[in-house]
Every structure is written in structure tokens, then in C-alpha cells.
1. Filter the stretch 119-151 for residues that are hydroxyl-bearing (Ser, Thr, Tyr) and either under 19 Å from the mean Cα position of the chain (by Cα) or buried (at least 24 other Cβ atoms within 10 Å of the Cβ) (or both) and give the result.
2. Name the residue that is nearest to the chain's Cα centre (by Cα), counting only residues in the stretch 65-87 that are in contact (Cβ under 8 Å) with a residue 40 or more places away in the chain and closer than 15 Å to Ser40 by Cβ.
3. Is it true that some residue in the stretch 198-217 is among the basic types (Lys, Arg) and in contact (Cβ under 8 Å) with a residue 24 or more places away in the chain?
4. If I filter the stretch 215-235 for residues that are under 12 Å from Ile178 (Cα atoms), in contact with a His (Cβ under 9 Å, 6 or more places away or on another chain) and not in a loop (DSSP other than H, G, I, E, B), do I get at least one hit?
5. Identify the residue in the stretch 23-43 that is surrounded by fewer than 19 Cβ atoms within 10 Å (Cβ to Cβ) and not polar (S, T, N, Q) and, among all such residues, is modelled with the lowest pLDDT.
6. Of all residues in the stretch 236-252, which are in a loop (DSSP other than H, G, I, E, B) and either touching a helix residue (DSSP H, G or I) at 6+ places or on another chain (Cβ under 9 Å) or touching a residue at least 24 places away in the same chain (Cβ under 8 Å) (or both)?
Amino acid sequence: MRYIGAHVSASGGVQNAPLNAAKIGANAFALFVKNQRQWSAKPLEKAAISEFKQNCKAANISPRHILPHDSYLINLGHYDDAKREQSFNAFVDEIERVSELGLELLNFHPGSHLNEISQNECLNLIAECMNEALKRTDGVKLVIENTAGQGSNLGFRFEQLAYLIERTDDKSRVGVCIDTCHAFAAGYDLRTPEAYKKTMDEFDAVIGYEFLSAMHLNDCKFGLNSRKDRHESLGKGFLGLKAFECIMNDEHIGEIPMILETIDDSIWADEIKILRNLQKGKK
């Protein structure tokens, strides 16, 4: 079984996200658990939490297949101690919100060195923050997303993700989310069965399929190794549908959330159908 959905709106309250997922025929979804462009937010209300859980049950979507995404403001690798502490505190708050909702995953971008410190110094700061966040919280798995390598963002090489995993004290609470657009933009080809196998064999050797906890399924507006983070609708970009056919039929991928972040939300229901129809042997 494939668990496919999209990053749906939580406008009006988190309790609306599962309803929006159900409308597009999803059996997985992603959401923001607070405003992603503000540092602080009022606590989640008990009524909203209760309604969220009820709506997930009504939509028949398991907590295992829901992928909260943290704020875009957070940079756990910031060179400035005060700004990194601000990011860390916001990160812990997001983990606690995820836990309150009864969810198990938090997807995040590793961080950026901002051309002020070395890549390794930045990665070490991120790992320190991750370990401290794990100590202060329970249950939620930190799911590191690969990046496109745009600007000074780290996480664009599999080795960088592996570096963070290696330095995480509790490996049962760390995983990886592979974004197909980001991977392609960072130079990992997925367009043919041969290219897909080469990239995913490298992923397995460097990181391991056992750490693959989620995927973002996005086509790409620019070509291979562009270092540009610009998503496109499935089959309308430089990746093409063959890449997604390879993913849907990869037996090494477990029952993880597969999330669309494509640019036209009006066709998400159609894109979910496209992905399901790419599965071989599908009845």
C-alpha cells in the first residue's frame, strides 16, 4: 500500500487539515502545526487537538502517515548563538505541538551556514541542536529533508544527511525525507530506471533505506544540478513521470507518507490518481 497525499492547508485551525486531505482522496498528508513564517504562536487549543484527531479517524488517515513540517524561519545551524537559540526553542515548540496532536514525525530542513562558518561547523551545530531537542522531548522522530543546495543551505548531499544521522544519539528518532525536486536540483538523477537505481543505490549505501521515513514527490522546473528549488506539477517538469513510476514500484520503500508539494493544488486529486496508476500490478 502506498500512502499518498499533499501538503494541505491548516487555515482556520489544524483540525481542518485532515478534512482537506480527504477532499483530494489522500490517505496521507502534510501540514504546518503553526504559522510557518512567524516565530511564536498561541498554544494549540484542546478542542482543536481533539477535533484534529477525530477528523483523522474519520478520514481513515493514521498518525504514521501524517508529516508535519516545521517553520521556514528555523535555522539550527545559525552561526550566531542567540539566533540559533531562538531557532532551537521554536524547533522544540514544534516537536511538542506535533506530540500534542498525537503525531510521530517532524519534517525539517537542516540549516544554513550563511557563508559565515564552514559546512562541517554548521552540521555540528545542527547535530547538537537535534540531540538536545531529542533529550527534551519524547516520541517524535526528526525527519531531515534533503535540500536543493540553493544558497548556503546544507543537506543537498547524501553524505551531509548521513553525517547528521551518525551524530544523532538516538537513531530510533531520526529519519530522512527525500524531496525528488531537491534531489534532482542537487545533481541526483531519477529520470530513467537506470539513473533511479544508481541514485537510490547510492542513497542506500550512504544513508540506508531503513532511515527513509517520508518522501516529497515534486517535479522540477529546472534541469539536473541546477541548485534551484522550484517545484513543478508531476510530468510537467524536467524530471518527468518515469521517475515517479520508479518510486511507486520501489519495493525497498516502506509504508511511508508520500507528499505532493506541487504548484497547482487544484490538480492534487488528479496527481494522486496518476501516482496510484503508476503502480504495477495495481488492481
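The values are calculated or read from the model by the stated rules, or taken from the named source; none is laboratory data. Note that the coordinates shown come from a computational prediction; the quantities given were computed from them, not determined experimentally. Don't worry about glycine lacking a Cβ; one is built from the backbone with ideal geometry, like all the others, and counts go over all protein chains shown.
1. Listed by number, the list holds a single entry, Thr147.
2. Ser87
3. no
4. Yes, there is a match, as at least one residue in the stretch 215-235 is under 12 Å from Ile178 (Cα atoms), in contact with a His (Cβ under 9 Å, 6 or more places away or on another chain) and not in a loop (DSSP other than H, G, I, E, B).
5. Arg37
6. Gly237, Phe238, Leu239, Gly240, Asn249, Asp250, His252
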